[in-house]
Amino acid sequence: MTQTYTASARTRAGTLSGIAALILLVVAIVLPSFASRSLIQDLFFILTMLTLAQFWNLLAGYTGLVSVGQQAFVGFGAYMLFGATILWGVNPVAALFMSGVFALLLAIPTAFFAFRLSGAYFAIGTWVVAEVVRLCVAQWQAVGGGTGTSMPRDARDAMWGVEWIEILFDVRSSAARDILAYWLALALAAATIGGIYWFLRTRRGLALAALRDNVEAAKSTGVDATRMKWIVFLVAAFGTGIAGGLIFMQNGRISPDSAFSVTEWTAFVIFIVVIGGIGTLEGPIIGVLVFFFLQELMADFGAVYLIVLGLLGIAIMLFAPTGLWGFFAKRTGIALFPTQRRLETKR
Amino acid sequence: MTTILSLKDVSKSFGALKVADHVSFDLPEGQALGIIGPNGAGKSTLFNLITGNLAPDAGRIEYLGRDVTRVAPMQRCLAGMGRSFQIPQPFTRLTVFENLLVAATHGQDRRESEVVDDVAHVLERTELIDVANRPAGGLTLLQRKRLELARAMATQPKLLLLDEIAGGLTDAECSALIETIRALHSGGVTIIWIEHVLHALTAVVERLLVLDFGRVIGLGDPDEIMDSREVKEIYLGIEV
Ligand SMILES: Nc1ncnc2c1ncn2[C@@H]1O[C@H](COP(=O)(O)OP(=O)(O)O)[C@@H](O)[C@H]1O
Ligand SMILES: [Mg+2]
């Protein structure tokens, strides 16, 4: 008699971490009712960096698109938010969506150009695009040209939900804006992780994992590598653009140098993904926490801090190339976001 | 009988090194063709040209009556070409089952739930069912070679290209492999098999092609080819 089989990606650790994630999400939502303003700001930083890291991980970890030009989408998304609020009077919260859309539009010609290059040339190509966009934006006088500009007062005050938060938590409007930004960052990070996780469990997500492991073999088993690259690049640009818009909406001030900073929006992000573990969903989460605590610890050391980050990154690449999460997962077999389909005999 | 694959003056060089030199042959649908030749003759390169992993410098490749010379590997896979790699190329972080799942769902454009039983059946036939849920990166070389065959089978190919999958097997394992390939062949699959283990090859194939320095130096009945002077010269010291 022949056996019949089923496949399932469900595991106990996965169910537990799913429940834990839900509890965590609920706690995070109600957190502003008792947390200090500085904690809310720290969490905003962690959540936005986590979002950027998840998208960079999707690019580099799964499709081998090692971009060092993601600051193009952060900066362009952020500038479009300022442009839309200043020039067209769009509500900043609504303009976040435009940040994503404009970043995605920028990604289309960028991809046409950069996909002709591979490896190190691709990386440099994306960086060049980011620099070109920065130089162009610096000519845009309506948003402050090379020196940048601030969010106009009336736009700030008009942000959806701020008044309601002021009343709800009995706080001043600046604190209310931080809470609003924090909630948006929470929603963005949760949607990013949830979305990528959902995608990885689909048939296309399986192809993405195959592509991560072996490009030639993936092509020879029918995986459409080109299409996957396009999907990932455009999705990453969209999400990165929204994150950029949000970061500078919270900041309230923008300049070409800060919005297109390769250090802040790409180098730090790469560090987060590499130390956490590239090619996994868990890696960036671990990575961003390590990055945050290192930054707190070494806030007073200036340039030494960057050297320590660099050395740590190199050490991890040499001795634990799968990152902290990879190191842990290999020894325990635990996955917080299980995607592995297990073959089981049907009873 | 229809021709499934047709190569016309296909050439390829790596720098000054000619690895395919005006290679031409027709393969009737349903036939099993063996390819032999010394190391470095260009056998694996010929597979890469047929599957599209490499582009030829000149010549024309037709598959099922269609010119596929410039068609991407993924498209050729969807059209029914399945292949194994001489140096196994597993998806290391995926399990053995998932390796086949990729091939079965994307190689034929089917849903995951539809292919589970087919994939499991291939795993049974290739004796990989016991390691189905293990990451492919942890397999032994022998298991990796089996996985190459299994993954190619999972795409349910019309034309199956096998590159040196019998090396290092025990006699019993080799007989089992021959049985598996025979079964595929009698099920109507056209096969091209590169193999140094000649007795395994001659147990299956109906025609033999000899490649040397990228040139076809013999093509025909296996017994006659094996008796020819050129082949004996080439294989002197390997196995006759
Ligand atoms: N990508 C490549 N670049 C340069 N040389 C190659 C490449 N692939 C194979 N070769 C060379 O081409 C020759 C034929 O290789 P191959 O087709 O693998 O031979 P076979 O499979 O018959 O042993 C060898 O000399 C090999 O070193
Ligand atoms: Mg070879």
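Listing for the model above:
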quantity	calculated
Accessible area (Å², per residue) of the protein assembly as shown, counting only protein heavy atoms and a probe of 1.4 Å	44
Rg/Rh for the range A:121-198, where both radii come from Cα atoms and Rh is the Kirkwood radius	1.15
Semi-axes of the equivalent ellipsoid for the range A:204-249, Cα gyration tensor, largest first, Å	29, 9, 7
Relative contact order (%) - the range B:81-156, alpha-carbon pairs under 8 angstrom, separation at least six	52
Cβ-placed point charges (K, R +1; D, E -1), dipole of the protein assembly as shown about Cα centre in debye, nearest 20	1000
Tilt relative to chain A, helix A:203-213 - C-alpha long axis, 0 to 90 degrees, to 10	80
Over 22 Å (Cα to Cα) - which of A:Lys229/B:Lys12; B:Lys43/B:Lys145; B:Lys8/B:Lys43 fall in this group	A:Lys229/B:Lys12
Mean ellipticity per residue at 222 nm, deg cm²/dmol - from DSSP H runs of n ≥ 4 across chain B, formula -39500 (n - 2.57)	-10500 deg cm²/dmol
Note, ³J(HN,Hα) from phi for the range A:111-120, Karplus 6.51, -1.76, 1.60, rounded to Hz, x at Gly and Pro	5, 4, 6, 6, 5, 6, 9, 9, x, 4
Selection from A:Phe55, A:Leu184, A:Gly89, by position along the positive dipole direction of the protein assembly as shown (Cβ)	A:Gly89
Helix-only mean residue ellipticity at 222 nm for chain A, each DSSP H run of n ≥ 4 adding -39500 (n - 2.57), per residue, nearest 500	-22500 deg cm²/dmol
Segment B:Thr2-B:Glu127, length gained on full extension (0.36 nm per residue, minus Cα span)	41.6 nm
Cα-based helix-to-principal-axis angle, B:171-186 vs chain B, degrees rounded to 10	90
Normalised per residue, the volume of the convex hull around the Cα set of chain B (Å³)	126
Rounded to the nearest 20 debye, dipole of the range A:17-346 from Cβ charges on Lys, Arg, Asp, Glu	1060
Computed log₁₀ I(q)/I(0) - Debye formula, equal Cα scatterers, no solvent, the range A:200-295, q 0.20, 0.24 Å⁻¹	-1.11, -1.26
Shielded residues, the range A:326-347 - accessible-area loss of 40 Å² or more between chain alone and all protein chains, probe 1.4 Å	A:Gln340, A:Arg341, A:Leu343
Chain B, relative contact order [Cα under 8 Å, separation at least 6], %	26
Debye-sum result for the range B:81-156 in log10 I(q)/I(0), which assumes one identical scatterer on each alpha carbon, at q = 0.15, 0.25 Å⁻¹	-0.40, -1.16
nm² value of the averaged projected area, convex hull over the Cα atoms of the range B:134-240	8.0
FRET efficiency, A:Ser8 to A:Gln139 (Cβ-Cβ, R0 45 Å, nearest 0.05)	0.20
Proportion of all alpha-carbon pairs of the protein assembly as shown beyond 48 Å (%)	25
Heavy-atom SASA rank of A:Asp257, B:Asp130 (probe 1.4 Å, accessible area, largest first)	B:Asp130, A:Asp257
The range A:17-346 - percent relative contact order, Cα under 8 Å, separation 6 or more	30
Accessible area buried, both sides summed, chains B and A with 1.4 Å probe, Å²	2800
Rounded to 10°, Cα long-axis angle of helix B:112-125 versus longest principal axis of chain B	60
Highest-MSF residue in chain A out of A:Phe122, A:Phe113, A:Phe97 [GNM, Cα springs under 10 Å]	A:Phe113
Of all accessible heavy-atom area on chain B, the percent that carbon and sulfur account for (1.4 Å)	50
A:Met317 - accessible surface, heavy atoms, 1.4 Å probe, Å² rounded to 10	110
Rg and Dmax [Cα atoms of the range A:17-346; Å; Rg one decimal, Dmax integer]	19.9, 67
Of all accessible heavy-atom area on the range A:1-96, the percent that carbon and sulfur account for (1.4 Å)	70
Per-residue ³J(HN,Hα) for the range A:33-49, Karplus 6.51 cos²θ - 1.76 cosθ + 1.60, θ = phi - 60°, Hz, x for Gly and Pro	6, 10, 7, 6, 5, 5, 5, 4, 5, 4, 5, 4, 4, 4, 5, 6, 5
Average beta-carbon neighbours from other chains, 10 Å sphere, peptide B:102-109	6
Calculated diffusion of the range A:52-195, Stokes-Einstein form, Kirkwood radius summed over Cα pairs, 20 °C and 1.002 mPa s, µm²/s	127
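The values are calculated or read from the model by the stated rules, or taken from the named source; none is laboratory data. Here the structure is a predicted model, which means the values were calculated and not measured. Glycine also receives a Cβ, built like all others from the backbone with ideal geometry; neighbour counts cover every protein chain displayed. SASA here: full protein model, heavy atoms, side chains in, ligands and nucleic acids out. Shrake-Rupley method; radii C 1.70, N 1.55, O 1.52, S 1.80 Å.
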